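One structure below.
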Amino acid sequence: MLIVTILLGLIGLGLVVLVHELGHFAAARAMGVEVEAFSIGWGPRVAGFKRGGTEWRFSAFPIGGYCRMKGEESFRKALEEKALELPRESGSFYGAAPWRRIVIALSGPLANVAFAVVVFVVASTIGYSTPTYPNRIVLLSEYSLSSPRLSSYPADRAGLKTGDRIVSTDGKAVSDFTDLLERITLSANKPITLKIERDGTLYDKTVVPMLDKDTGGGLIGVSYWAEPVVGEVSAGSAAQIAGIASGDRIVSIDGKDVRHAVEAISILNASKPERTKFVVERGGAHREVSVILSWNAQGVSNLGMGFKTDIHTVRAATTLGTAISAGLSETWSTFEMTMKGLGSLFQGVNLLKALSGPARITYMVGQTAQAGIKNSASGGLAAPITFIGFLSIGLFIMNLLPIPALDGGQIAMFVVEGFRRRALRPITIYRYQFVGATFILAIFVIATVGDLLFFVAK
C-alpha cells in the first residue's frame with residue numbers, strides 16, 4: 001500500500017511541476033527563444049524524438065520535467081573564459097530582451113495558477129463529499145490527549161466551555177468543525193469574535209488564537225465534539241476481536257461514562273491499559289466487552305476503530321458559469337491561505353515540523369489520491385484533484401519569491417538589467433544564482449530532516 005501511495009504521489013506532484021515547465025516552454029517559443037530540450041521526468045534519457053527544433057525526452061525518473069533553452073552552453077563557456085558579457089546569440093535565452101525573459105520566467109508560475117483554476121472548476125463540476133464533525137467543541141485543557149496539554153488555552157481565557165456550539169466567526173456562519181478550524185488556523189495572534197450557542201442562548205466571545213509553532217497556524221485549544229458512535233473498525237484490530245462493530249455507541253470505558261469521542265480517547269490515553277472493559281449500546285441494549293490492547297513506542301494502541309463522522313457535501317455545479325465562479329473563488333481562497341501560512345514561517349515556528357519537503361508532499365498527495373480511488377465514485381476523485389490545485393497554488397507562490405535561482409529571483413535580476421540598460425556580467429549572474437541555490441539547498445535539507453522525523457513518528 002505504501003508503494004501505491006508513493007507512486008500516486010509522484011504522479012500528482014510530477015503533474016504540477018510538468019505544467020509549470022510547459023508554461024516556460026510555451027512562453028519561450030512565443031518570445032522567440034529556442035527550446036533545445038523538453039524532458040518529461042528527470043535523470044537519464046530513456047526515449048525521445050525531435051520535432052520543431054526541440055528534443056522531446058522521456059527520462060528515467062517520472063517526477064515533473066525540465067525545459068532547457070538555448071544559451072546554457074554559452075553561459076557556461078563565458079564563465080570559463082571570464083568574459084565580461086554573454087554572447088548575444090540569436091534565439092538564446094540571454095540574447096532575448098529583459099522583458100522577454102521576464103515573460104518567460106513569469107509564465108511557469110502563471111501556468112500553475114491557470115491549472116489550479118481548471119482543477120477547482122473540475123472539482124466543482126463533479127461535486128464531492130468530505131468527512132467532518134459538527135461545530136460543537138470540547139476544551140482540550142480538560143482532557144489528557146497524546147499531545148502536551150496546557151492548563152489554559154485562548155478558548156479557556158475567552159470563557160468557552162465544552163459543549164458550546166460555534167455559530168459564527170466575525171459574523172460569518174460556521175458550517176462544521178473543519179470550517180471553524182480553517183478560520184482559526186488562519187488567524188494566529190489576531191482577535192476573532194465567536195458567536196456561541198450554549199443551552200439555547202447566544203453569546204459573543206472574543207478569542208485570540210495563539211501561534212502553534214509546530215504547524216505555523218493558529219489554535220485556541222478546542223477539539224470536535226463527536227458522539228461516541230463507532231464508525232469504521234479495522235480488520236484484525238483489538239476492537240474487532242472484542243466484538244465491537246460499526247454503529248455501536250460507547251457508553252463507558254473502565255467504568256467511566258463517555259459523553260463524546262475525545263472523552264473516550266482521553267480515558268484510554270490516561271492509563272494506557274492492556275485490558276479494559278467497554279460498555280456499548282447496540283439496538284437499545286447494553287453489553288460489556290473486554291478489550292485487550294497493546295501500545296507502541298509513540299503511545300498509539302491497536303484499538304483500530306474510529307468514530308462516526310458527519311459528511312460535508314459540496315454539490316456539483318449546475319451550470320458552467322457557476323463552476324467557473326466556484327473555481328475562481330477557491331483559487332483565491334487557497335492563495336490567501338497559502339500566503340498566510342508562508343508568513344507564519346517568519347514568526348518563530350518549528351521549521352522541522354511546519355515545513356514539508358518533497359517526501360512528505362509526495363506522501364500526502366498519494367494518500368489523498370488513494371482515498372479518492374477507494375471511494376471510487378466521481379465525487380471521491382474530487383479530493384485528490386483539489387489537493388493538486390492547492391499544491392499548484394503553493395508552487396506559484398514559492399516560485400515568485402524574490403530568491404535567486406527561483407523564477408521570482410530571476411525576474412528581479414532581469415528588471416535590474418532592464419533599468420541599467422546594460423547586461424549583467426556572467427560572474428555576477430553566477431554568484432547571484434549560487435547564493436539562491438545555497439539558500440534553497442538549506443531549506444531542502446531542513447524540510448528533508450523534518451520529513452524523516454515525520455515518517456519515523458508514524
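Remarks
- Summed side-chain charge close to Phe38 - residues other than Phe38 whose Cβ falls under 14 Å, Lys, Arg +1, Asp, Glu -1: +2
- Taking the fewest neighbouring Cβ atoms within 10 Å as the starting point, the ordered list for Glu281, Glu330 is Glu281, Glu330.
- Linear extension gain, Leu202 paired with Ala30, 0.36 nm per residue minus alpha-carbon span: 55.9 nm
- Val435-Leu320 FRET efficiency (beta carbon distance; Förster radius 41 Å; 0.05 resolution): 0.30
- Net charge of Cβ neighbours under 12 Å - reference Ala111; Lys, Arg +1; Asp, Glu -1: -2
- In this calculation the C-beta distance from Ala114 to Glu81 is compared with R0 = 41 Å, giving a FRET efficiency of 0.50.
- Within the same chain, aspartates and glutamates fewer than 8 places from Lys272 are excluded, and of the rest, those with a Cα less than 15 Å from its Cα are Asp254, Glu263.
- Placing +1 on the Cβ of every Lys and Arg and -1 on the Cβ of every Asp and Glu, with no other charges, gives segment 137-223 a dipole of roughly 200 debye about its Cα centre.
- Rounded to the nearest 20 debye, the dipole size of segment 220-323 about its Cα centre is 40 debye, using +1 on the Cβ of Lys and Arg and -1 on the Cβ of Asp and Glu.
- Note on Glu232 and Arg165: the model spin-label points, each 7 Å out from Cα along the C-beta direction, lie 2.8 nm apart.
- For the cross-link pairs Lys50/Lys70; Lys195/Lys308; Lys172/Lys213; Lys195/Lys256, the ones whose C-alpha atoms lie over 24 Å apart are Lys195/Lys308; Lys172/Lys213; Lys195/Lys256.
The numbers here are math on the coordinates, done by the rules we state, and not lab data. Quantities reported herein were computed from a predicted structural model and do not represent experimental measurements. Glycine gets a Cβ as well: all are built from the backbone with ideal geometry, and neighbour counts include every protein chain shown.
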